[in-house]
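These notes concern the structure reproduced below.
The values are calculated or read from the model by the stated rules, or taken from the named source; none is laboratory data. Remember, it's a predicted structure, so these values are computed and weren't measured experimentally. Please note: Cβ atoms are built from the backbone with ideal geometry, for glycine as well, and neighbour counts cover all protein chains shown.
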There are 2 protein chains.
Amino acid sequence: MSLPQLIMLPGPTNVPPRVYAAMCKPMINHRGAEFHELYPRLLENAKKVFQTESDLFVLTSSGTGGVECAASNLLLPGEKILVPVGGTFGERLADAFRVYGANVVDLKVETGSAPTTDQVREALRREKDVKAVAVIYNETSTGTTVRDLPEIGKVAKENGALFIVDAISVLGGDDLPVGKWEVDVCITASQKCLATPPGLALVSVSKDAWRVIERSKPRTEYFDLIKYRKFRDEKKETPFTPAVNLFFALDEAFQMILETGMEAWIGRHKKAARAYYSAFKGMGLSFFAEERSRSNVVLAINMPPKISAKDLREKLRKKYGVVVAGGFGNLKDAIFRIGNMGIVTPREVITTVSAVEGSLHELGYPGTLGEGLRAAIPLLSDL
Amino acid sequence: MSLPQLIMLPGPTNVPPRVYAAMCKPMINHRGAEFHELYPRLLENAKKVFQTESDLFVLTSSGTGGVECAASNLLLPGEKILVPVGGTFGERLADAFRVYGANVVDLKVETGSAPTTDQVREALRREKDVKAVAVIYNETSTGTTVRDLPEIGKVAKENGALFIVDAISVLGGDDLPVGKWEVDVCITASQKCLATPPGLALVSVSKDAWRVIERSKPRTEYFDLIKYRKFRDEKKETPFTPAVNLFFALDEAFQMILETGMEAWIGRHKKAARAYYSAFKGMGLSFFAEERSRSNVVLAINMPPKISAKDLREKLRKKYGVVVAGGFGNLKDAIFRIGNMGIVTPREVITTVSAVEGSLHELGYPGTLGEGLRAAIPLLSDL
């Protein structure tokens, strides 16, 4: 017997007991009085979490469903969209628009680095008539975050393009004032930095985005944003049966996050990230992402020579009950990845760091035991 | 203080405690060993519940997402599909295919009745080159079930058309041997007769359907069945993060249903339906659906003169904690609807019947109190 596993994945994450408890509230009518109270509150709190006055919608789907929603509502077939691609999720973002017929211009980004403002400006100069720029803010497959995001947004808007941000793995875990940064469509998911079980996607829609949607007419039934708006406005309901229990959970998670305050909630992720990076550096490990683009929510750590990621992950899971991720595709055994999302306290940090130290040690890694912790603990003083 | 509401809706339904408890099992890695055990078991059990050897997939979406999955995977733009339409959900089914460019031939069915084999045969004779026939098995908005379903399927297959069945509100609550009836694509959802919270859709795919999908190439990223098959076969995983907790819940619900046995599980719905119909008839009420097409899972009951459905539903909810549905669209105040789904025991029946009797009485309905129960109870002897 042991405690539940410590889920240090880049989603799903550990879910706080109060959120789990809320998920099991008795069933209600999704077209009745209780839902009419819940749904507007959920959407209002979502705006606070997104830091925007844009419309917000909660979809019953994974984050990829949120991306599909953007792709099927926004561009018309043949219209041009610029998508920086430097990893699996950038590819998926580009693919979603391609499936719906957009003319997708891939802006190739070196793996481990993030697109820069100059690269985007240059691409927009080269390409004519780009209707939208869609950026993965945090590329989970490589542990990189786009530090130039606000400037890229400005460049997009100056060029008359919509600014779409896939923030699935990062919203709540790093700076992203959706309103201030003029993000037209921002997508996130429940199971990352919002500390809620998986199954919900959130999508924000600016006034500019609405103009495009109304012109394009959604090419989807299930993700039709015009229907979502109509049902919200006329009935305080969703057009299709929502995952009621996950709505309960997200409602509770929002209350928890807003009690903490958005700045503090994000700040916890940043502080824990500093401690993690310092710990792994102290252990002599290196990171997959270039330094300026390192993610605060997903750490992609290079495997030391002669130790396989598979063995490390198995040791972590079986001996310590700590679950981390491997790499995607050809990075499968080259890196391991830790999610720093949602519940972020000194305990998650020290447990994960210690477990990695212990596991690597057993697998023959030459570092001195305790170096990781020695580097991490001083940085946890204000977490 | 009172007990939780009794949710007698046509979905979501009351969820058994063991299913709720399973939903709150500790989080796991959706790309790890625990999921690799869960997912194949879930799909195998789904086949037993669907009574088919076809492939089964579980999607993180509402039932409408399952319909969108069928529409975006199957027909090519311009290809003809015949859809009998006699209510809101028939319209939605037709719309989903229309959104993806199919040439949808609506076969108009009188509201309150269900399409017959002759109507479908006649339409297939009139229309040339119909690639698929898609039927709502149970039209929730009107409380009708297509009693000719197996014969309609035969006619479709004889004409070389795929046979698609939207069984969202009924699978598990009425006869539907998907294999024996040669249904190519059958869609259902978690929150109806499977007694699980909302948020999952299930889709079966026959060999004939695969041939069409492989030719058509899915025009969706999120619902791409070829990806779902690939990830299942190669990894025992879903391509995108699933609603893990709802998978736990559905897994438990399937075990519960299969312990009961499919025939007995369906039989309970039939027996309870008989008792309900008898009770309401005993109270002098009439039904919206024609007799031969009456649904066993959704009872659509005409409001007696001078009593509003809104008042009845409010009385039921506030005084008795029993939640029933009104009508859709222009039937909003003309009928009320009771879901007989999932947890079906004598207690649900007597509580609902008694609460309707009490509420109508208070609202001035002239019937004699107790007539409903008197008609229902003898029919509950073998439930």
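Among the residues of region B:206-222, none qualifies, meaning not one is surrounded by 24 or more Cβ atoms within 10 Å (Cβ to Cβ), within 14 Å of chain A (Cβ to nearest Cβ) and within 12 Å of the chain's Cα centre (by Cα).
The number of residues in region B:41-95 being without any contact (Cβ under 8 Å) to a residue 12 or more places away in the chain and either crowded, with 24+ Cβ neighbours inside 10 Å or not assigned by TED's automatic domain parsing to the domain that holds B:LEU250 (or both) comes to 0. Restricting A:ALA325, A:ALA300, A:ALA279 to residues that are more than 19 Å from A:LEU373 (Cα to Cα) and at pLDDT 95 or above narrows the list to A:ALA325. B:LYS281 meets each of the listed conditions (1) part of a strand (DSSP E or B); (2) outside the structural domain of B:ARG41 (by TED's automatic domain parsing) apart from (1). In summary, helices (runs of 4 or more DSSP H) completely within region A:80-195 and bearing 2 or more residues that are within 14 Å of chain B (Cβ to nearest Cβ) occur at A:88-99. Within region A:233-242, is even one residue assigned to a helix (DSSP H, G or I), among the β-branched types (Val, Ile, Thr) and out of contact with any strand residue (DSSP E or B) (no Cβ under 6 Å at 6 or more places or on another chain)? Within region A:233-242, not a single residue is assigned to a helix (DSSP H, G or I), among the β-branched types (Val, Ile, Thr) and out of contact with any strand residue (DSSP E or B) (no Cβ under 6 Å at 6 or more places or on another chain).
The condition of being charged (D, E, K, R) and touching an Asp or Glu at 6+ places or on another chain (Cβ under 7 Å) holds for only one of A:LYS271, A:LYS319, that being A:LYS271.
Scanning region B:238-257 for residues being away from every other protein chain (no Cβ under 13 Å) and polar (S, T, N, Q) gives a total of 1.
May I ask you to verify whether B:ASN29 is closer than 30 Å to B:ALA300 by Cβ and either aliphatic (A, V, I, L, M) or facing chain A (nearest Cβ under 9 Å) (or both)? In short, no. The condition (being farther than 22 Å from B:ILE301 by Cα and in contact with a Gly (Cβ under 9 Å, 6 or more places away or on another chain)) is satisfied by just one residue among B:ASP95, B:ASP106: B:ASP106. Taking the criterion of being crowded, with 24+ Cβ neighbours inside 10 Å and hydroxyl-bearing (Ser, Thr, Tyr), the only residue of region B:283-320 that qualifies is B:SER295. Out of all the residues in region A:355-374, is one or more of a type in the set (Phe, Trp, Tyr), more than 13 Å from chain B (Cβ to nearest Cβ) and touching a Gly at 6+ places or on another chain (Cβ under 8 Å)? No, region A:355-374 contains no residue that is of a type in the set (Phe, Trp, Tyr), more than 13 Å from chain B (Cβ to nearest Cβ) and touching a Gly at 6+ places or on another chain (Cβ under 8 Å).
Tally up the residues in region A:227-237 that are surrounded by fewer than 23 Cβ atoms within 10 Å (Cβ to Cβ), within 13 Å of chain B (Cβ to nearest Cβ) and touching a residue at least 60 places away in the same chain (Cβ under 8 Å), please. Total meeting the criteria: 2. Can you find a residue in region B:16-23 that is of a type in the set (Phe, Trp, Tyr), under 30 Å from B:LYS318 (Cβ atoms) and within 14 Å of chain A (Cβ to nearest Cβ)? Yes, there is a match, as at least one residue in region B:16-23 is of a type in the set (Phe, Trp, Tyr), under 30 Å from B:LYS318 (Cβ atoms) and within 14 Å of chain A (Cβ to nearest Cβ).
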